[in-house]
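Visitor: Structure in structure tokens, see below.
None of the figures in this text is laboratory data; all of them are computed from the coordinates on show. Every value quoted in this text rests on a predicted model; they were computed, and no experiment measured them. Reconstructed Cβ throughout: ideal geometry from the backbone, glycine too, with neighbour counts over all protein chains shown.
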2 protein chains.
Amino acid sequence: MSIKIFGHQNPDTDTVTSALVLEYIERARGNDDVEAVMLGEIGEETAFALNYFGVDAPKIIDSVIDGERVMLVDHNEFQQSATNIENAEILKVYDHHRISNFETESPLYFRAEPVGCTATILYKVFKEEGLDIPKDMAGLMLSAVISDTLLFKSPTTTKEDEVTGRALADLAGVDVDTYGLEMLKAGASTKDKTAAELIGQDAKTFEVNEKNVRIAQINVVDVDEVFERRQELETAINAEVDREEYDLFILVVTNILVSDSKVLALGKDYKAVEAAFDVTLDDNTAILEGVVSRKKQVVPNITKALS
Amino acid sequence: MSIKIFGHQNPDTDTVTSALVLEYIERARGNDDVEAVMLGEIGEETAFALNYFGVDAPKIIDSVIDGERVMLVDHNEFQQSATNIENAEILKVYDHHRISNFETESPLYFRAEPVGCTATILYKVFKEEGLDIPKDMAGLMLSAVISDTLLFKSPTTTKEDEVTGRALADLAGVDVDTYGLEMLKAGASTKDKTAAELIGQDAKTFEVNEKNVRIAQINVVDVDEVFERRQELETAINAEVDREEYDLFILVVTNILVSDSKVLALGKDYKAVEAAFDVTLDDNTAILEGVVSRKKQVVPNITKALS
């Protein structure tokens, strides 16, 4: 059986493209027995990027079997990974997140760096190993950089991400701002999505001080378009809170044009958002000025507030 | 306060020299605010290596303070690290062990590779970043490779370790076999050590399926020299088993000349050794043919037997 390469659940652009790019790198290293897959449907932003650079989406899986050999990209926490991941043999990990709820029985190859996206690390691998970067792979990595850094505006953006993004734009033959805004807007429309899709398309679960926290994020160009559907979203979220026993569910609606977010906090610990961001909730919502990053802003603040 | 760089408790040659080498690399990268330290006294093998290449031993610490910035080498499991490590800010990790009982609040730089020792990874860092390797740093890394691979005989040895070791011997200006055997023998005498020193000098604790397992290893050239002191060792081990509530304590006495080990298994789960290695214990001891590696042979087999 081929070694499967995949990113986290609710795949975003960095997760999907990094699996495809690592598959390419492994083949270039002489390891042909690899296959990029993903743990769910792609969103419209990722579809835009794959289509633009003429690459097919990987096939979808949801679990791995005991002892199956896998490589992970863009995540390490088991609760964000494939079902049964704890019984797989993890050979390699390329990631840019904190490390938590991850363990192996044997030594492995694990490379994490505190940069804005996995693609920035994979770009460095190409350079270190003297591998050529074809145009389509450059385009996929560029799309991941733009997506995770919101066109270099997110506070997760490092200098290395920006240098990498601009170098990749040259290799991919596109103007970074034109292509980037077009790609982000492709993923920013919420009109044709159900409430379940909106709260599930980019959502991650975190265990914080024995609390079960779910943080969903939607990038938009029109925040009101989402909050006009407040009642429908709240019903969908409360159903998930009951079913999955979340102590806290935060929906973060991020305006990618002005770089702030409006949150909707539900679940019995919803008040934690007030201490976390020094705000007062108005009917369970608040504007978080300058907050655009789940990883760098929302998760650390919520972690402190719940600890 | 300087950023402290350190390896695991009961420091061995790879752990001590890797801290010193990473300090060197960080300074070469322009980060002067770093200091290699260690979590206990060095053994005679490490003393031989430091003395041979004219490098002072790092100072000893045993704990870190809340929020202190640190870098780890040659380990990641918190129970093998400094006291209070869970409240430190871990900036970087270079390691070649499995990942377990390790977590951070924020993204970090983590580089693990499944090679025979940390020095093999650090050698690659010098190459990747185009840094010169001075003779003393080459000597320290060579000593680590020899120590962890038992002169390339341990099954943990990869081709990369051997290529690295031979390249480092050239840079250090020594014959790898002559220097290597001299260094290993320097650490192999047990006569002038107390029973407590013998069972503590290279011992690690593992949590396996909620069992508390301690595995101590001694490399020798004369196994009988150790087992003549069986009664004294057993008393010391049983005292530790009681004090630390170990379910299983395995003393692995490895003959570095013929590459096998004799084990002494104590604690209430001592019988696990029989299933682990398909042997019959004779008065709590057994010969394990071809077993020289705790990481690659003892830990995985014990883990399976207890799971």
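Visitor: Translational diffusion coefficient of the range B:195-305 at 4 °C, 1.567 mPa s, Stokes-Einstein with Kirkwood Rh over Cα pairs, in µm²/s as a whole number. All intermediate terms of the calculation are to be shown ahead of the outcome.
Guide: Details: Rh = 13.7 Å.
Rounded to a whole number, D works out at 95 µm²/s.
Visitor: Considering every pair of different Cα atoms, what Kirkwood radius, in Å, is found for the range A:112-237?
Guide: Working: mean 1/r = 0.0610 Å⁻¹.
Kirkwood radius, the range A:112-237: 16.4 Å.
Visitor: Then there's this: How big is the antiparallel share of DSSP beta bridges in the protein assembly as shown, given as a percent to the nearest 5?
Guide: In the protein assembly as shown, DSSP labels about 45 percent of beta bridges as antiparallel.
Visitor: Taking each pair of distinct Cα atoms in the range B:3-185 once, what is the resulting Kirkwood hydrodynamic radius in Å? Walk me through the intermediate numbers first.
Guide: Details: mean 1/r = 0.0619 Å⁻¹.
It works out to 16.2 Å.
Visitor: How shielded is B:112-120 by partner chains, expressed as the average number of their Cβ atoms within 10 Å of its Cβ atoms? Display every interim value, and only then the final one.
Guide: Details: counts 9, 6, 8, 2, 1, 0, 0, 0, 0.
That works out to 3 on average.
Visitor: Where nothing but the Cβ of Lys and Arg (+1) and of Asp and Glu (-1) is charged, how large is the charge dipole of chain B around its Cα centre, in debye to the nearest 20?
Guide: Working: 30 positive and 57 negative charges, 107 e Å.
Value, rounded to 20: 520 debye.
Visitor: Another question about this same structure. Return the Rg/Rh value of chain A, two decimal places, where both radii are evaluated on C-alpha atoms and Rh is the Kirkwood radius.
Guide: On the way: Rg = 18.7 Å, Rh = 19.6 Å.
For chain A, the value is 0.95.
Visitor: Just the number, please: percent antiparallel of the DSSP beta bridges in the range B:195-297, rounded to the nearest 5.
Guide: On the way: 18 of 26 bridges.
Antiparallel bridges: around 70 percent, rounded to the nearest 5.
Visitor: Of the options B:I25, A:G43, B:A36, report the single residue whose Cα projects farthest towards the positive end of the charge dipole of the protein assembly as shown (beta-carbon charges: Lys, Arg +1; Asp, Glu -1).
Guide: So the residue furthest toward the plus end is B:I25.
Visitor: Return the tail of the calculated pair distribution for the protein assembly as shown, meaning the percent of Cα-Cα pairs more than 39 Å apart. Display every interim value, and only then the final one.
Guide: Working: 66309 of 188191 pairs.
For the protein assembly as shown, the share of Cα pairs beyond 39 Å comes to 35 percent.
Visitor: How much net charge surrounds B:I133 when only the other residues with a Cβ under 13 Å from the Cβ of B:I133 are counted, with Lys and Arg +1 and Asp and Glu -1? Provide the component values of the computation, followed by the final result.
Guide: Numbers: positive: B:K124, B:K127, B:K135; negative: B:E128, B:E129, B:D132, B:D136, B:D170.
Overall, the nearby charge balance is -2.
Visitor: Across peptide B:95-107, what mean number of C-beta atoms from other chains lies inside 10 Å of a residue's C-beta?
Guide: The shielding value for this peptide is 6.
Visitor: Give me B:F126, B:F227 sorted ascending by neighbouring Cβ count inside 10 Å, so fewest comes first. Please list the in-between numbers first.
Guide: On the way: B:F126 19, B:F227 14.
Fewest-to-most ranking of B:F126, B:F227: B:F227, B:F126.
Visitor: At 1.567 mPa s and 4 °C, plugging the Kirkwood radius over alpha-carbon pairs of the range A:127-177 into Stokes-Einstein gives what diffusion coefficient in µm²/s? Each step should come with its number before you reach the end.
Guide: Numbers: Rh = 11.0 Å.
It diffuses with D of about 118 µm²/s by this estimate.
Visitor: Still on this structure, please answer the following. Longer than 21 Å from Cα to Cα, which of A:K59/A:K127; B:K153/B:K191; A:K153/A:K262 are they? Say none if no pair is.
Guide: A:K59/A:K127; B:K153/B:K191
Visitor: Taking other Cβ within 10 Å of each residue's Cβ, how do A:H96, A:H75 sort, fewest first?
Guide: Values: A:H96 28, A:H75 25.
In order of increasing Cβ crowding within 10 Å: A:H75, A:H96.
Visitor: Find which of A:A88, A:L140, B:M71 sits farthest along the positive direction of the dipole of the protein assembly as shown, computed with +1 on the beta-carbon of Lys and Arg, -1 on that of Asp and Glu, about the Cα centre.
Guide: A:L140
Visitor: If Lys and Arg each add +1 and Asp and Glu each add -1, what is the summed charge of the other residues whose beta carbon sits under 14 Å from the beta carbon of B:I60? Don't skip to the answer; put the middle values down first.
Guide: Numbers: positive: B:K4, B:K59; negative: B:E35, B:E41, B:D56, B:D62.
Result for the neighbourhood of B:I60: -2.
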